[in-house]
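The values are calculated or read from the model by the stated rules, or taken from the named source; none is laboratory data. Computed from a predicted structure; not experimentally measured. Glycine also receives a Cβ, built like all others from the backbone with ideal geometry; neighbour counts cover every protein chain displayed.
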Amino acid sequence: MRRAITIILAAAMLLSMCACGGGETNTPAEEQAAETAEETATEPTPEPTEGLTEEDRAVFETFSWRIDNYVDEFGDPTDKEFIRCASLGSFSNTATSDSDLSVIVYYDMAEEVFSFRLLEYGDRHATYFENEDCIIKIKDPDGTIHEGMLFGTAPNGDLYLVRSHTDNRWLADSLYDSMCNGEDVRCIIEINSSKYNFTIRGDGFDDCLKAATYAAVNKLLAREDNIDVSVGTKYVIALRADGTVAAAGDNGWGQCEVNGWTDIVAVSAGSLHAVGTQSDGTVLAAGYNAEGQCDVSGWEDIVSVAAGDFHTVGLKSDGTVVATGDNGSGQCEVSEWTDIIAVAAGSSHTVGLRSDGTVVAVGENSFGQCDVSAWTDIVAVSAGYCHTVGLKSDGTVVATEIIENDLPVDNGQCDVSDWTDIVAVSAGTNHTAGLKSDGTIVVAGANEDGQCDVYDWSDIVVVSAGGRFTAGLQSDGTVVIAGDIGGYPSMS
């Protein structure tokens, strides 16, 4: 709850300092998104009202979603972005019925906060008292109605819907998903006797998110001091030469909040949490911790870490292994392992490489992902959602044979038997990437989001496969990405 309130207050202060006039960036993706949204706009543009602020008036120039920048205390644009659009509706209370309503909807991508600015009669901020409940109801395109609570700063501040707030997560996610699909969402906000009706337009929302995401990723990772990279489901983290860490992407659970980390020697990105090993053998973690996957503060003498979906594994200098987090499939039962030189954490399974080149595995095995007991001469391992891959000393690669159950999980991610001259491997959710000695990449598996479109990459020294995208670290320290990282820009 404390983190949710902090987010709300931060969003309130930042949204009150929005840059006037749009602050749109000039990336091709953003320009294309804006042009597409403008072409498809159907709502009439209202005449500016005298009572509107410059910030309010600017957004009513178009009803399309658009990217803007927060400003600092001097009024200068910052690097932090948000998106917003305008809507028209009506409101009723004991004194009026079906009167004109203007609404500005904001979305802070980094904090995952929706904000609503209600303007009665087009220019008068709606007022409410500190102890009044502010209820929001949304109706999905399929007719399902969701209800939740909004936060705000009385008497006339914006109202906030925080996606990371447990009580509202289902409602906020429903709103977010509908708009990402380009679907309009009907909304009702009730404050005491006042009822506000309006529709949030979905068209253009996803385009703005993706444009802002890639801009943030490119800005953050286009540096020459990155020395390692690891990708999660919808975010990427990079280890820098000075021992600090950078992150970009989905920060809904705080997994990108790593900007205070120092003295880091190794990083690993899980589904919704990130972990880093410090030079003194201790471990730091950030992100989702409902299963205890971030409970690593007591770990010592760790030389490397691996983050899975909801568990974390640490390799100690004596070759033993520790684990924390979800153990529903036995993926944390590694206490008896010895002589281990490398570990990998998959969705719900854990893999360990022994010094003699053999491999052990525990956890979920419904797809055969733990069938590695016959492997020999292995020098590196990587674990994905339902498969495991191993790099052999001769540069060839082996992979577990996927057992098809009720789920169609075989996307060809294990078709690696003809790979040669490989020096590193990485298993993603449904694809596998291999780094060749000449710095090029080979891939196998699902490519619906372009995660395998890496054939023109060169000069790569580290490769990491995630949910629907692949990241490669080049020898000059810059990072390249293929696929869909998702519409969640964050900078840390």
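Being assigned by TED's automatic domain parsing to the domain that holds S426 and assigned to a loop (DSSP other than H, G, I, E, B) is the requirement here; does G352 meet it? Against the criterion (assigned by TED's automatic domain parsing to the domain that holds S426 and assigned to a loop (DSSP other than H, G, I, E, B)), G352 does not qualify.
Being surrounded by fewer than 23 Cβ atoms within 10 Å (Cβ to Cβ) and under 13 Å from V236 (Cα atoms) narrows it down to one residue among V442, V480; which is it?
It is V480.
Checking each residue in region 192-222 for being of a type in the set (S, T, Y), crowded, with 16+ Cβ neighbours inside 10 Å and not in a strand (DSSP E or B) picks out T213, Y214.
Against the definition (touching a strand residue (DSSP E or B) at 6+ places or on another chain (Cβ under 9 Å) and among the acidic types (D, E)), how does D484 come out, yes or no? Yes. In region 72-84, which residue that is surrounded by fewer than 18 Cβ atoms within 10 Å (Cβ to Cβ) and in a strand (DSSP E or B) is modelled with the highest pLDDT? The extreme case among them is P77. Taking G439 as the residue in question, decide whether it is small (G, A, S) and under 13 Å from A482 (Cβ atoms). Answer is no for this residue.
Provide a single number: the residues in region 436-466 that are more than 17 Å from A344 (Cα to Cα) and either in contact with a Leu (Cβ under 7 Å, 6 or more places away or on another chain) or in a strand (DSSP E or B) (or both).
Here the count works out to 8.
Taking region 363-388 as the range and being surrounded by fewer than 21 Cβ atoms within 10 Å (Cβ to Cβ) and of a type in the set (A, V, I, L, M) as the test, the residues that pass are A374, V379, A380.
The residues in region 264-306 that are farther than 19 Å from R240 by Cβ and small (G, A, S) can be counted, and the count is 9. Within region 142-156, residues that are touching a residue at least 24 places away in the same chain (Cβ under 8 Å) reach partners that are basic (K, R) with beta carbons closer than 6 Å, at six or more positions or on different chains, in the pairs E147/K137. Looking only at residues in region 136-191 that are among the aliphatic types (A, V, I, L, M) and part of a loop (DSSP other than H, G, I, E, B), the one that is nearest to F205 (Cα to Cα) is L150.
Using the structure shown, decide if D421 is among the charged types (D, E, K, R) and either modelled with pLDDT of 90 or more or in contact with a strand residue (DSSP E or B) (Cβ under 9 Å, 6 or more places away or on another chain) (or both). Considered against the rule, which asks whether it is among the charged types (D, E, K, R) and either modelled with pLDDT of 90 or more or in contact with a strand residue (DSSP E or B) (Cβ under 9 Å, 6 or more places away or on another chain) (or both), D421 comes out as yes.
Here V322, V313 are screened, and the one residue that is closer than 14 Å to S382 by Cβ and either assigned by TED's automatic domain parsing to the domain that holds S230 or surrounded by fewer than 22 Cβ atoms within 10 Å (Cβ to Cβ) (or both) is V313. Taking every residue in region 350-370 that is on the phi > 0 side of the Ramachandran plot and pairing it with any residue that is assigned to a strand (DSSP E or B), at least 6 positions away or on another chain, the pairs with Cβ-Cβ distances below 8 Å are G357/I378; G357/V379; G363/H349; G363/T350.
Taking region 238-291, which residues are assigned to a loop (DSSP other than H, G, I, E, B), small (G, A, S) and in contact (Cβ under 8 Å) with a residue 12 or more places away in the chain?
Within region 238-291, A241, G243, G252, G254, G270, S271, S279, G281, A290 qualify.
Every listed requirement among (1) buried (at least 24 other Cβ atoms within 10 Å of the Cβ); (2) of a type outside the set (F, W, Y); (3) in a strand (DSSP E or B) is met by I341 save one, (1). Counting only residues that are farther than 7 Å from A427 by Cβ and either free of Cβ contacts under 8 Å to residues at least 40 places away in the same chain or within 27 Å of the chain's Cα centre (by Cα) (or both), region 374-390 holds 10 of them. For region 361-399, a tally of residues being of a type in the set (F, W, Y) and either part of a strand (DSSP E or B) or modelled with pLDDT under 95 (or both) returns 2.
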